[in-house]
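The values are calculated or read from the model by the stated rules, or taken from the named source; none is laboratory data. These numbers were taken from a predicted model, which means no experiment stands behind them. Quick reminder, even Gly has a Cβ in these numbers, built from the backbone with ideal geometry, and neighbours come from all protein chains shown.
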Amino acid sequence: MARVVVDVMLKPEILDPQGQAVQRALPRLGFDGIADVRQGKRFELEVDGPVDEAALARIHEMAETFLANTVIEDFTVKVEETSEVAGASK
Amino acid sequence: MTARIGVVTFPGTLDDQDALRAARLAGAEPVSLWHRDKDLKQVDAVVLAGGFSYGDYLRAGAISRFSPVMETIIEQAKAGMPVLGICNGFQILTEAHLLPGAMLRNNHLHFICRDQKLRVENAGTAWTSDYEQGQEIQVPLKNMDGRYVADERTLDELEAEGRVAFRYLDMNPNGSLRDIAGITNEAGNVVGLMPHPEHAVEPLVGTGRTDGLGFFTSILKKLVTA
């Protein structure tokens, strides 16, 4: 079984108040020097069968239509511990 | 003759009973619809009520949008059937791309619950014709993910085409861009808003006013005279 990871992040121009709240808490906890925090989501998909081009195309479609809302989010699809595959929607 | 107004119940929907009651008080025949049922039971219009369908998992409305009932609703809405999305229903409509933009966590990160003043910016939609253009109304607002966002081009387009249907007055409760509380599609049959008109239909409860009843009388008049 292979693992494919889909990372979903808010687009850079979208305000992320949760990330800001985390960033503001850091100095209070003694963690200095962090200028900005953005919070996102990570999906780990355990794939039955080979992770070939067709499988990756399906995962890309899944990410685009369901895991991410491309109105507000960007996503990347990676096969774990090999090369990055389909950089999305920058 | 009256009209049949359907209200969908998803797992986690909270305000379906209030929406059904509001439809009945307006004089319509309320019809319960179930999320797993593609059949709309021959309703003339649909309300997607508020709540936390599927626990807001993934994103608010993201999972409901793929339910069997939504397949039919999306198809019918594109063919002109009136659809009103309230709160979670608005989130579902944006996730289904029946309305542009998206809803995000309130900018202050708190759940908010208050009586909210709104201005009706478009009294020409299927759901707002009983209001005056520019009328100020007050209805309850209660949400966690109520921040309306869209890119600048979409916002300009919405403004230019009169598709901002409602705007927050006095204060912006969630950081929504351009104080947008609700929008309509081009045809005016699909309307979504964050505040809750179905909670303001009787003087005894809610805001103590009946400012929200107009949504339901508007649609009834449209359907009955059509």
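Among residues belonging to the stretch B:68-107 that are in contact with a helix residue (DSSP H, G or I) (Cβ under 7 Å, 6 or more places away or on another chain) and of a type outside the set (A, V, I, L, M), point out the one that is surrounded by the most Cβ atoms within 10 Å (Cβ to Cβ). Going through the qualifying residues, I end up with B:G85. Of everything in the stretch B:142-168 that is crowded, with 21+ Cβ neighbours inside 10 Å and among the hydroxyl-bearing types (S, T, Y), the residue that is farthest from the other protein chains (Cβ to nearest Cβ) is B:Y168. Just to be sure before I move on: is A:V71 under 18 Å from B:R59 (Cβ atoms), within 14 Å of chain B (Cβ to nearest Cβ) and without any contact (Cβ under 8 Å) to a residue 40 or more places away in the chain in the structure I sent? So A:V71 passes the test. Of the residues contained in the stretch B:120-141, none is found to be under 17 Å from the mean Cα position of the chain (by Cα) and within 13 Å of chain A (Cβ to nearest Cβ). In the stretch B:122-147, the residues that are assigned to a strand (DSSP E or B) reach residues that are surrounded by fewer than 20 Cβ atoms within 10 Å (Cβ to Cβ) and small (G, A, S) with C-beta atoms within less than 8 angstrom, at least six apart or across chains, in these pairs: B:R147/B:G175. Checking each residue in the stretch B:1-21 for being polar (S, T, N, Q) and under 13 Å from B:C87 (Cα atoms) picks out only B:T13. Scanning the stretch A:36-52 for residues that are exposed (fewer than 11 other Cβ atoms within 10 Å of the Cβ) and either modelled with pLDDT of 95 or more or within 18 Å of the chain's Cα centre (by Cα) (or both) yields A:D36, A:R42, A:E44, A:E46.
Of all residues in the stretch B:198-226, those being of a type in the set (F, W, Y) and surrounded by fewer than 23 Cβ atoms within 10 Å (Cβ to Cβ) number 0.
When residues of the stretch B:174-197 are filtered for being in a loop (DSSP other than H, G, I, E, B), more than 14 Å from chain A (Cβ to nearest Cβ) and buried (at least 18 other Cβ atoms within 10 Å of the Cβ), how many remain?
Residues meeting the conditions: 6.
Confirm whether A:E61 is in a strand (DSSP E or B), surrounded by fewer than 17 Cβ atoms within 10 Å (Cβ to Cβ), at pLDDT 95 or above and more than 9 Å from chain B (Cβ to nearest Cβ). So A:E61 fails the test. Residue selection: B:D170 satisfies the criterion of being part of a loop (DSSP other than H, G, I, E, B) and over 14 Å from the mean Cα position of the chain (by Cα).
The set of residues in the stretch B:95-114 that are at the interface with another protein chain (Cβ under 7 Å from one of its Cβ atoms) and among the charged types (D, E, K, R) comprises B:E95, B:R105.
When the stretch A:1-51 is filtered for residues that are among the β-branched types (V, I, T) and more than 10 Å from every other protein chain (Cβ to nearest Cβ), the ones remaining, listed by number, are A:V4, A:V5, A:V6, A:V22, A:I34, A:V37, A:V47, A:V51. Of the residues A:V37, A:V4, the single one that is touching a residue at least 40 places away in the same chain (Cβ under 8 Å) and among the aliphatic types (A, V, I, L, M) is A:V4.
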